[in-house]
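Let me begin by presenting the structure, written as structure tokens, before commenting on it.
The values are calculated or read from the model by the stated rules, or taken from the named source; none is laboratory data. Keep in mind that what you see is a predicted model, and the values were worked out from it rather than measured. Here Cβ is always computed from backbone atoms with ideal geometry, including for glycine, and neighbour counts include all displayed protein chains. Note: areas computed on protein heavy atoms with side chains; ligands, DNA, RNA excluded. Shrake-Rupley method; radii C 1.70, N 1.55, O 1.52, S 1.80 Å.
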Amino acid sequence: MMKKKLLLHVCCAPCAVYVYQMLSREYDVTCFFYNPNIHPANEYRFRKKELERIAARSHWEVIYADYQMKEWFQLVKGHEKDPERGERCSICFNIRLKKTFEYAKAGGFDIAATTLSISPYKVTRQINAQGEELSRRFGIRFLAENFKKQNGYNIGRKMAQEMGIKHQDYCGCVYSQAEKKLKMRKKSD
Ligand code: SF4
């Protein structure tokens, strides 16, 4: 039987290795890199390059969308001071998943999904609420998974380490980077 076509939004290479392995057992997976939240630009280039490296080695098919950083800043305007896991993150998930659904629709995919729920720092419910709303809007199924379940995060982390992929120490945007720096400073005080 032919596998269903799934477009997998990938936030970064370390989060993708385990999720890709799980999903490719059942689906014909294409990765989709669209992360205009990542700041600064050299960190964006680094995360993209890491994905290119792993995709070439593992023979993954990947679509790279444009960066569109300015558009991201416009859409989260007014939420600069929101804490991580707050409203800004819902908007950020929506921005990235909306583009994924647009590509899925144009490319004739059956299902859309994201690697985002593998992170223990993100609220799965918050991600899936965005995915399900977009699923209704675009008429494409969303795989509302929680990839950190059943030790998924630790297994993925180990797999990434074995492949020599570095884990990021902040979520991605300039605000999460500042939050991380503040926490580090408090720790060292
Ligand atoms: S903390 Fe992460 S999910 Fe939230 S807005 Fe920043 S990059 Fe997006």
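For a protection proxy built on the mean count of beta-carbon atoms within 10 angstrom, sort 10-19, 168-177 highest first, please. Don't skip to the end; give the middle numbers.
Values: 10-19: 25.9, 168-177: 19.3.
Packing order, densest peptide first, comes out as 10-19, 168-177.
Multiply the residue gap between residue 189 and residue 166 by 0.36 nm, knock off their C-alpha separation, and tell me the result in nm, one decimal place.
Numbers: separation 23, 0.36 × 23 = 8.28 nm, distance 2.69 nm.
Result: 5.6 nm gained on full extension.
Apply the Karplus curve 6.51 cos²θ - 1.76 cosθ + 1.60, θ = phi - 60°, to the phi angles in region 66-73 and return the couplings in whole Hz, x for Gly and Pro.
5, 5, 6, 5, 4, 4, 4, 4
Using a 1.4 angstrom probe on heavy atoms only, work out the carbon and sulfur share of the accessible area of the chain in %. Mind showing how you got there, number by number?
On the way: 5210 of 10200 Å².
Here carbon and sulfur together make up 51 percent of the probe-accessible area.
Using the scaling law 2.2 N^0.38 Å as the reference, what is the normalised Cα Rg of the chain? Let's see the in-between values first.
Numbers: Rg = 16.0 Å, N = 189, 2.2 N^0.38 = 16.1 Å.
Cα-based Rg divided by the globular estimate yields 0.99.
To make sure I understand the rule: partners must be lysines, Cα under 22 Å from the Cα of residue 49, and not fewer than 8 residues away in the same chain. Which ones qualify?
By straight Cα distance, residue 49 reaches 70, 99, 158, 166.
Return one whole number: the accessible area per residue of the chain in Å², for a 1.4 Å probe.
Numbers: 10200 Å² over 189 residues.
On a per-residue basis, 54 Å².
Would you mind pulling out the separation of the Cα centroids of region 94-172 and region 5-51, in Å?
9 Å
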